[in-house]
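Here is the structure we will look at.
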Amino acid sequence: MITQEMVKALFNYCDGELYWKVLTNSRAPIGAKAGSFNEYNKRRYIRINKISYLAHRLIFLWHYGWLPKEVDHKDTNRLNSRIENLRAATPNQNQRNKSLQCNNTSGFKNVRYHKGKWVVDLKLNQKSIYIGRFEDLELADLVATMAREKYHGAFANHG
């Protein structure tokens with residue numbers, strides 16, 4: 001299991017990136033940015049002792065000395081791994097911080113059109129919570145925003 005001491009012995013941290021502190025192989029000289037970027041899922045991976053780690057998780061461990069179930073990017077930008085943008089999260093909290101999905105038809109989170117009305121509902125701990133039905137889209141969005149604030153707290157993402 002990787003520890004904070006191991007990570008601090010291997011890397012220097014600067015502006016959301018880890019840089020090799022020791023020579024581990026000929027392709028990763030001292031001072032080089034650690035890891036490789038995966039174009040498919042837009043994440044940086046770092047291999048240590050033949051095990052791949054997500055770079056943002058190693059950055060969290062480097063700073064705090066422990067690893068939560070998930071590490072959430074507050075601004076939802078996977079490329080921004082500055083420590084001030086990272087926070088511990090449960091899988092449910094991480095899901096609450098998602099941006100508007102590309103297949104959304106209303107243009108607003110947690111708002112959908114059904115039988116002539118705008119319906120507001122959201123998920124909380126894998127359960128759907130029905131908020132209400134509205135004739136006005138802007139009112140539905142306002143109610144959805146207030147519901148996210150109430151139920152999702154610090155992990156509420158409005159867009």
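Laboratory data are not the source of any read-out in this text; all were calculated from the coordinates shown. Treat the numbers as computed from the prediction; the structure is a model and nothing was measured. Glycine gets a Cβ as well: all are built from the backbone with ideal geometry, and neighbour counts include every protein chain shown.
Quick look at the numbers
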{"quantity": "Inter-part distance where the stretch 13-60 and the stretch 85-145 are each reduced to a Cα centre, Å", "calculated": "35"}
{"quantity": "Cross-link table K21/K123; K42/K115; K8/K109; K8/K69; K21/K98; K21/K109, entries beyond 32 Å C-alpha to C-alpha", "calculated": "K21/K123; K42/K115; K8/K109; K21/K98; K21/K109"}
{"quantity": "Rg ratio (alpha-carbon, reference 2.2 N^0.38 Å) - the stretch 4-89", "calculated": "1.02"}
{"quantity": "Computed P(r) (all Cα pairs; the chain; 10 Å bins; percent)", "calculated": "10, 33, 24, 17, 11, 4, 0"}
{"quantity": "Candidates N110, N125, N85, ranked by Gaussian network fluctuation over the chain, Cα under 10 Å, top entry", "calculated": "N125"}
{"quantity": "Net charge, K74 excluded, C-beta distance under 14 Å - Lys, Arg +1, Asp, Glu -1", "calculated": "+1"}
{"quantity": "Compactness of the stretch 100-155, expressed as Rg and Dmax over alpha-carbon positions, Å", "calculated": "10.8, 33"}
{"quantity": "222 nm mean residue ellipticity, helices alone, for the chain (DSSP H n ≥ 4; -39,500 (n - 2.57); rounded to 500)", "calculated": "-7000 deg cm²/dmol"}
{"quantity": "Spacing of the two label points (7 Å from each Cα toward its C-beta) at I48 and L124, in nm", "calculated": "3.8"}
{"quantity": "Footprinting exposure proxy for F134, F11 (fewest neighbouring C-beta atoms within 10 Å first)", "calculated": "F134, F11"}
{"quantity": "Highest average packing first - 92-102, 24-34, 135-145, Cβ atoms within 10 Å", "calculated": "135-145, 92-102, 24-34"}
